[in-house]
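Beneath this line is the structure, given in C-alpha cells, with notes to follow.
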Amino acid sequence: MTQVWRILCFCLIFIAFASADVYYLAEGAKNNGNAFAPADYLSQDIVLSQRIKWPDASFSWYGAFDAGQVAANESFYSKCLEAGVGIDIGNGWFVDLGKKKTKTGVGYFRKPTDYLKGGGTIGQNRSAASQEKVSEGLVGIDIAYMGEGVTFRGISIPRWDNDQQEQSLLSFASKFGDADYTVFLYRGDYASLGLNGNTVIGDSLELHMDSKWTQQMNRSLPSGSGSSTTTQEQNGVIDALLGCTYAFDPNTSLTIEYNYNGAGLEGSEYNEMLDYTQNYGPSLYDTYGLLSVAKHYLYERFAQTYTDCKLTLELMNANNLQDQSGFASIGLSQAYDQATVSLVARVFYGADRSEFGFAPIRSTFSAEVEMFL
C-alpha cells in the first residue's frame with residue numbers, strides 16, 4: 001500500500017513539476033557527548049508539492065513527495081507525503097480522498113488537538129517550519145460542511161496495514177462573540193475531547209488556547225528495583241496550552257505560551273525518571289517524546305520583520321520549568337519574489353541530569369530554501 005501511494009504521488013508531482021513548490025533543507029547536528037546516543041550528522045530533504053485545479057472544475061489534485069538523507073553516510077530515501085483529490089460537491093460540502101496532512105492544533109510549540117499527528121511538537125533537530133514540511137500525511141477521507149458561521153468536519157482513517165492506527169475525528173467550529181473556537185471528538189488508541197480557539201483584544205493582543213481531555217492512557221515508570229519498569233494507568237488526563245501574542249507594531253511581536261502536560265511527571269516520580277535515565281540509558285525516557293516527560297513548560301518567541309529588505313529575525317526559547325533545561329534558537333528568514341531562504345541555529349541547555357541534558361544533540365544548524373515556481 002505504501003508503494004502505491006508513493007508512485008501515485010510521484011506521478012502527480014511529475015505532471016505538474018514545472019509549477020510545483022520546492023522545499024530544500026540541509027541541517028547539521030553536533031553530538032552532546034553523552035554515552036547514550038552520538039549524534040554528529042548532516043541531513044537533507046527536498047520536498048516537491050503541488051495542488052492543481054482545472055478551470056471551471058469542481059475538483060483538484062494535490063500531492064507532495066519527499067526525498068532525503070538522514071545522515072551524510074547513509075543512502076537517500078523517498079516517501080509520499082500527500083496524494084489525493086479534493087472535490088467541491090456544492091452547497092457548502094467538500095471531500096478530500098487520499099493521503100493528506102491534517103492540522104487542527106493552534107499552539108506554536110505544542111498542539112494538544114493535533115490529533116492526527118499525535119499532538120505534534122517542535123522537533124528536537126528541526127525547526128517547526130521544516131518539521132511541518134517533511135511530515136507525512138495519513139490515508140483516509142475528510143468530509144466538511146461550511147455553512148454560515150459554522151463548519152462541521154468528519155475525518156476517517158481506516159487501518160490499511162499494521163503501520164497505521166484506525167482513527168476518527170469529528171469537529172464543530174463556530175464563533176462565540178469575537179472568539180473563534182473548535183470542539184473535537186477523537187477516537188483512536190484512546191478516546192478524547194478537545195477544544196481550541198483564539199480571539200483578538202483591541203489592535204495588539206491575541207489570545208489562544210489548545211486543550212484536550214483524554215479518557216484513559218498508560219505511561220511507563222521505573223519500578224524502583226534495578227532496570228525494570230512498570231506501566232501505570234491514568235484516567236481523565238488533561239493537556240492544555242494557554243498563550244498570547246502581543247504586536248508592538250505591524251512588524252514586531254512577542255508570543256508567550258504555557259503548557260500543562262497532564263501525562264507528564266513531577267515531584268518524586270520525575271526525579272526517579274531522571275535517576276533511571278542516568279543509570280540505565282534513555283530507552284524509558286524516550287517513550288514520552290520531546291517536551292512531554294514533565295508537566296510544566298514555557299515557550300517564548302520574539303519576531304521582528306524589516307520591511308525594507310524583507311528580512312525577519314526570530315528568537316525562540318522552550319523551557320522545562322521543572323529542571324530549567326530547554327533549547328533556544330535564532331533564525332533569519334529572507335523573502336524574495338519567488339523564494340524564501342532561512343537560517344536557524346539552535347542550542348540545547350541544562351544540567352546533565354535533566355530533560356535536555358540527556359538529549360543526544362547539543363546544537364543544530366539548518367539552511368532552508370523554499371521556492372514557488
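Among THR312, GLN167, SER204, pick out the residue whose Cα is farthest towards the positive end of the charge dipole of the chain, where Lys and Arg carry +1 and Asp and Glu carry -1 on C-beta, about the Cα centre. Farthest along the dipole direction, towards plus: GLN167.
Dipole size in debye (nearest 20) for the chain around its Cα centre, Lys and Arg Cβ +1, Asp and Glu Cβ -1? Please list the in-between numbers first.
On the way: 26 positive and 42 negative charges, 94 e Å.
Around 460 debye, computed over the chain.
Take the Cβ atoms of GLN324 and VAL369, set R0 to 30 Å, and the FRET efficiency comes out at 0.30. Give the residue from SER354, LEU373, GLY267 lying farthest towards the positive end of the charge dipole for region 265-373; charges sit on Cβ (+1 for Lys and Arg, -1 for Asp and Glu) and the dipole is referred to the Cα centre. Highest projection toward the positive end goes to LEU373.
Contact order for region 44-112, expressed relative to its length and based on alpha carbon pairs under 8 Å spaced 6+ residues apart, stands at 23 percent.
Counting only alpha carbon atoms, the long axis of helix 267-280 and the longest principal axis of the chain meet at about 90°.
Sort 268-277, 136-145 for me by packing, meaning the mean count of neighbouring Cβ atoms within 10 Å per residue, highest on top. Provide the component values of the computation, followed by the final result.
Working: 268-277: 16.9, 136-145: 18.4.
Descending packing order for the listed peptides: 136-145, 268-277.
Distance between the 7 Å Cα→Cβ label points at TRP213 and TYR181: 1.3 nm.
Using R₀ = 35 Å, calculate the FRET efficiency as 1/(1 + (r/R₀)^6) where r is the Cβ-Cβ separation of GLU233 and GLN164; round to 0.05. Intermediate results must be reported in sequence, preceding the final value.
On the way: r = 25 Å, r/R0 = 0.71.
So the FRET efficiency works out to roughly 0.90.
Whole-percent P(r), region 210-316, all Cα pairs, 10 Å bins from 0: 13, 33, 24, 17, 11, 3, 0. Which of the following values of Cα extents along the principal axes in Å was calculated from the structure shown: (1) 92, 43, 32; (2) 59, 56, 33; (3) 67, 50, 43? Recomputing Cα extents along the principal axes in Å here picks out (3). Placing unit charges on the Cβ atoms of the charged side chains and taking the dipole of region 47-123 about its Cα centre, the candidate lying farthest along the positive direction among SER58, GLY107, TRP93 is GLY107.
Averaging the sequence gap over all C-alpha pairs within less than 8 Å and six or more residues apart, then dividing by the number of residues, gives the chain a relative contact order of 14 percent.
Comparing mean-square fluctuations of ILE157, ILE89, ILE238 from a GNM of the chain with C-alpha springs under 10 Å, the top value falls on ILE89. For the chain, set up a GNM with springs between Cα atoms under 10 Å and report which of GLU27, GLU233, GLU82 has the largest fluctuation. Result for the chain, Cα springs under 10 Å: GLU233 fluctuates most. In the structure shown, the pairs LYS101/LYS310; LYS101/LYS295; LYS117/LYS310; LYS103/LYS175; LYS175/LYS212 are assessed against 24 Å; a Cα-Cα span above that value is assigned to LYS101/LYS310; LYS101/LYS295; LYS117/LYS310. Ranked from largest, the principal axis spans of the Cα set of region 247-365 equal 53, 26, 22 Å.
A short reminder: the numbers here are calculations on the coordinates, not readings from a lab. Since the model is a prediction, treat every value here as computed from it, not as a measurement. Glycine also receives a Cβ, built like all others from the backbone with ideal geometry; neighbour counts cover every protein chain displayed.
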